[in-house]
Each structure stands twice: as structure tokens, then as C-alpha cells.
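Written below as C-alpha cells is the structure these notes are about.
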Amino acid sequence: MRFVVVGAGAIGGAVGGRLFQQGYDVTLVARGEHGRALQSGLTLESPTETVTLPIPAVSDPGQLPWDERATDTVVLLAVKGQHTDHALSQLAAAPPDTPVVCMQNGVENERRVLRHFANTFAMCVMCPASQLQPGVVQVHSTPVSGMLDLGRYPSGLDDRAQEIADVIATTAFQSIARPDIMRWKHRKLLMNLANAVEALCGPEGRFSPLAKAAQREGADVLSAADIDVATPEEDRERRADFLRLDRTSSGEWQGGSSWQSLARGAGSIEAEFLNGEIVLLGNQLGVPTPVNALLQRVAVRAAAEGAPPGLWTVAELSRLAGVPHGE
């Protein structure tokens with residue numbers, strides 16, 4: 001089995017690096033300064049080691065020999081949701097039966113990928129990882145790097161899903177093949193509604209009353225849409241105490257994917273596919289979502305303007321959203 005990791009940032013680089021360490025055939029795909037740095041190898045940091053891995057890296061998956069090895073190639077799609085369409089255009093050379101695993105936050109990417117690839121898989125990623133320096137990926141949990149459960153989209157299991165899960169489970173990651181993977185991705189979506197608050201206000205925003213208000217809105221919308229969601233109890237049982245954060249040689253974990261987008265000055269952020277997903281469903285169902293609508297607008301504008309993370313205080317953003325800060 002060959003793995004092509006499209007979007008070798010924090011999550012893609014971490015998973016690709018761990019697979020490579022176990023002897024699997026891996027190719028990383030990344031653009032820009034980070035992609036150029038990967039030409040000299042991926043530096044993978046964990047709390048227990050720092051290694052530089054000579055993983056082949058390209059800037060465009062169209063450069064790869066798809067026809068020769070299509071039957072045993074798996075695409076791990078790890079770009080942010082706002083970059084999925086571009087990634088799919090780059091994957092036009094891949095045969096339509098190529099398995100594509102969406103290792104992304106949100107629940108929209110799978111629908112877009114399924115338009116192009118019949119063998120689309122959803123993955124629920126629980127992995128504290130960072131990519132803040134070109135060519136360097138930090139995995140902050142040890143001994144388990146993270147949990148990567150997956151299943152067919154929109155539901156079900158097959159031999160390929162189980163095979164991918166079994167391969168991932170040979171690394172420092174855990175992986176369970178699930179027939180109801182979208183229940184778990186919708187639970188992760190609710191958690192990710194706090195990402196914009198963390199990015200805009202800093203780490204203190206993640207568990208603030210404002211973040212909880214966004215998550216309550218999200219839960220109300222998913223309930224109104226009759227979408228099945230894994231319960232908080234199921235999520236806690238799955239996570240248990242496997243994720244144990246510690247510093248790597250470059251430092252401690254500072255924030256999640258949206259925080260990192262602002263920290264890198266990426267120019268875009270995935271709020272449209274997190275808070276925006278709730279706003280979309282709310283508008284379709286006539287359920288008000290003012291908190292998520294505000295967070296989406298402010299986060300998208302902050303990214304476009306190159307604002308750093310933590311520019312707002314929780315109190316300021318809460319007042320704008322009409323959420324009592326001391327709630």
C-alpha cells in the first residue's frame with residue numbers, strides 16, 4: 001500500500017511521518033516554503049525524539065505515476081477545507097477508483113470528494129500536532145500520537161477501510177474502522193466550533209462561555225436537522241487518557257489548526273467549514289445561529305487581513321456576540 005499525503009502540514013506530516021517510520025511507501029505533497037523545505041526531509045518532533053525523515057515530497061500530485069500503482073495507492077487528504085477544491089483539481093490524474101481518506105475537520109469535504117472518487121472515506125482526527133516552521137511538524141502527544149478512526153462515506157465498512165485502519169494502527173497512532181464514522185465527525189465538528197474563538201482570542205477562548213455558546217447553537221442545529229451525533233460520553237470513552245501532551249524540542253503546543261493558520265499568516269482559515277457549516281444548516285432550517293455567524297465573519301476577515309492570533313479579548317468578542325462574558 002502506497003500513501004500519498006496531499007497537504008503535508010501538521011496532521012498530514014505527522015501521519016505521513018509515522019507511516020514512513022514503519023516502512024510504508026509515502027509521498028508528501030505540499031506547496032510554498034513548507035513544501036520546498038520538505039525537499040530536504042521532514043523534521044518530525046515528538047516529546048521523545050526529533051528525527052529528519054527523507055520522505056519523497058512533491059508540490060503537485062499530478063507529478064506522480066498514478067497509472068502504474070493505482071490499485072494499491074491511498075490518498076490521505078489533509079488540506080484545510082478551503083483548499084479541497086484545488087486539491088481535487090490536482091488529483092485529476094488519479095483514477096476514479098482511488099481510495100481517498102478525508103483527514104479534515106468539518107463534514108463538507110467528503111461530499112465534494114465523492115463527486116470525483118467513489119471510494120471516499122471519512123476520518124475523525126484527534127491529534128495535537130503543529131506546523132509552524134517550514135519543514136517541521138510537531139506531534140505533542142506520547143506514547144500515542146493520536147486517534148484516527150475512519151469509515152466509508154457516507155456510512156459503512158469494507159475491506160479497504162479495515163486495511164487502512166490496520167496499517168495506521170501499526171504506527172504510534174490508534175485507528176478503529178467504524179461503520180458510523182460521520183456520527184463521530186459531527187461530534188468533532190461541535191468541538192471545532194471553538195477553534196475560531198481560540199484563534200481570535202488565544203488559548204483562554206477555547207473553553208470560554210463564548211465558545212460554549214457557539215457549541216450550544218451547533219448542537220441545536222444538528223438536532224433540528226435530525227443528524228445523529230456521537231454523545232459526549234462516547235467521545236470521552238474513546239479519548240480516555242491516550243492524549244498526553246508534552247513539549248517537543250521546538251516548544252509546547254500553542255493552539256489548534258485555526259490558531260496555527262493565523263500564526264503562520266496563511267491568509268485563509270477553515271471557519272467557513274466549521275462555524276459556517278452550522279450557519280448553513282441554520283439558514284436552511286430557519287434556526288438562528290448569530291454566534292457562529294459572527295465567529296465565521298470575524299475569523300475569515302482576520303485571516304484575510306493577516307491578523308495574528310489572540311488579537312481580540314474574550315470579553316470584547318463576547319460583547320460583540322451578545323454573550324455574557326461571565327456566563
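The values are calculated or read from the model by the stated rules, or taken from the named source; none is laboratory data. Keep in mind that what you see is a predicted model, and the values were worked out from it rather than measured. FYI the Cβ positions are ideal-geometry reconstructions off the backbone, even for glycines, and counts take in every protein chain you see. Heads up: the accessible areas ignore ligands, DNA and RNA and are worked out on the full protein's heavy atoms, side chains in. Shrake-Rupley method; radii C 1.70, N 1.55, O 1.52, S 1.80 Å.
Summing Lys, Arg as +1 and Asp, Glu as -1, what charge do residues with Cβ under 14 Å from the Cβ of residue 30 carry, residue 30 excluded?
So the environment of residue 30 carries a net charge of +2.
What whole-number value in Å² describes the accessible area per residue of the chain for a 1.4 Å probe?
Per residue, the chain has 40 Å² of solvent-accessible surface.
Could you tell me what percent of the DSSP beta bridges with both partners in the chain are antiparallel, to the nearest 5?
Counting only bridges with both partners in the chain, antiparallel ones make up about 40 percent.
Hey, what number do you get for the chain at 222 nm if only DSSP H runs of n ≥ 4 count, each worth -39500 (n - 2.57), divided across all residues, to the nearest 500?
Here the helix-only value at 222 nm equals -11500 deg cm²/dmol.
What ranking, highest mean first, results for peptides 311-320, 280-289 when packing means the other Cβ atoms within 10 Å averaged over each residue?
In descending order of packing, they fall as 311-320, 280-289.
Straight-line reach from residue 212: which lysines fall under 17 Å, measuring Cα to Cα and dropping same-chain residues less than 8 apart?
Here the lysines satisfying the reach criterion relative to residue 212 are 188.
Which percentage, to the nearest 5, of the DSSP beta bridges contained in the range 1-119 is antiparallel?
25
Most fluctuating residue of 172, 129, 196 in a GNM of the chain with Cα springs under 10 Å: which is it?
172
With θ taken as phi - 60° and the coefficients 6.51, -1.76 and 1.60, list the Karplus ³J(HN,Hα) couplings across the range 231-239 in order, rounded to whole Hz; mark glycine and proline as x.
So the Karplus estimates, Gly and Pro as x, are 6, x, 5, 4, 5, 5, 5, 5, 6 Hz.
Using the Cα atoms of the chain to build a convex hull, what is its mean projected area in square nanometres?
Computing the convex hull of the Cα atoms and averaging its projections yields 15.3 nm².
Sorted by accessible area (1.4 Å probe), largest first, how do 121, 20 line up?
Heavy-atom accessible area, descending, gives 20, 121.
To the nearest 20 debye, what is the magnitude of the charge dipole of the range 144-222 about its Cα centre, counting +1 on the Cβ of each Lys and Arg and -1 on the Cβ of each Asp and Glu?
For this selection, approximately 200 debye.
Distance between the C-alpha centers of the range 1-70 and the range 283-311? Whole Å please.
Taking the Cα centre of the range 283-311 as reference, the centre of the range 1-70 is 32 Å away.
Can you pull the percent of the range 209-255's accessible area that's carbon plus sulfur, 1.4 Å probe, other chains left in place?
Carbon plus sulfur share of accessible area: 44 percent.
Tell me, what HN-Hα J-couplings in whole Hz come from the Karplus equation 6.51 cos²θ - 1.76 cosθ + 1.60 at θ = phi - 60° for each residue of the range 101-118, using x for Gly and Pro?
Calculated HN-Hα couplings, in order: 9, 7, 9, 10, 5, x, 10, 8, 4, 4, 4, 6, 5, 5, 5, 10, 10, 5 Hz.
Would you kindly derive the ³J(HN,Hα) couplings of the range 224-229 from the backbone phi angles with the Karplus curve 6.51 cos²θ - 1.76 cosθ + 1.60 (θ = phi - 60°), listing them in order in whole Hz, with x for Gly and Pro?
Residue by residue, the range 224-229 yields 4, 7, 6, 8, 6, 10 Hz.
Which of rounded, prolate or oblate describes the range 170-327 when judged by the alpha-carbon gyration tensor and an a/c cut-off of 1.5?
It comes out oblate by the Cα gyration axes.
Using +1 at the Cβ of each Lys and Arg and -1 at the Cβ of each Asp and Glu in the range 1-101, identify which of 56, 89, 40 lies farthest towards the dipole's positive end.
After comparing all options, I get 40.
Accessible area of the range 53-177 with a 1.4 Å probe: how many percent of it is carbon plus sulfur?
Carbon with sulfur: 51 percent of the solvent-accessible area.
Which one, 169, 140, 153, projects farthest toward the positive side of the charge dipole computed for the range 136-237 from Cβ point charges (K/R +1, D/E -1)?
140
So how strong a dipole does the chain carry about its Cα centre when Lys and Arg Cβ are +1 and Asp and Glu Cβ are -1, to the nearest 20 debye?
The dipole magnitude comes to about 460 debye.
Fully extended, how many nm does the chain gain between residue 243 and residue 268 (0.36 nm per residue separation, minus their Cα-Cα distance)?
Value of the extension gain: 6.2 nm.
Using 0.36 nm times the number of residues separating residue 313 and residue 207, minus their current alpha carbon distance, what extension gain do you get?
36.8 nm
Could you work out how far the C-alpha centroid of the range 251-267 sits from that of the range 127-155, in angstrom?
Here the two parts' Cα centres lie 14 Å apart.
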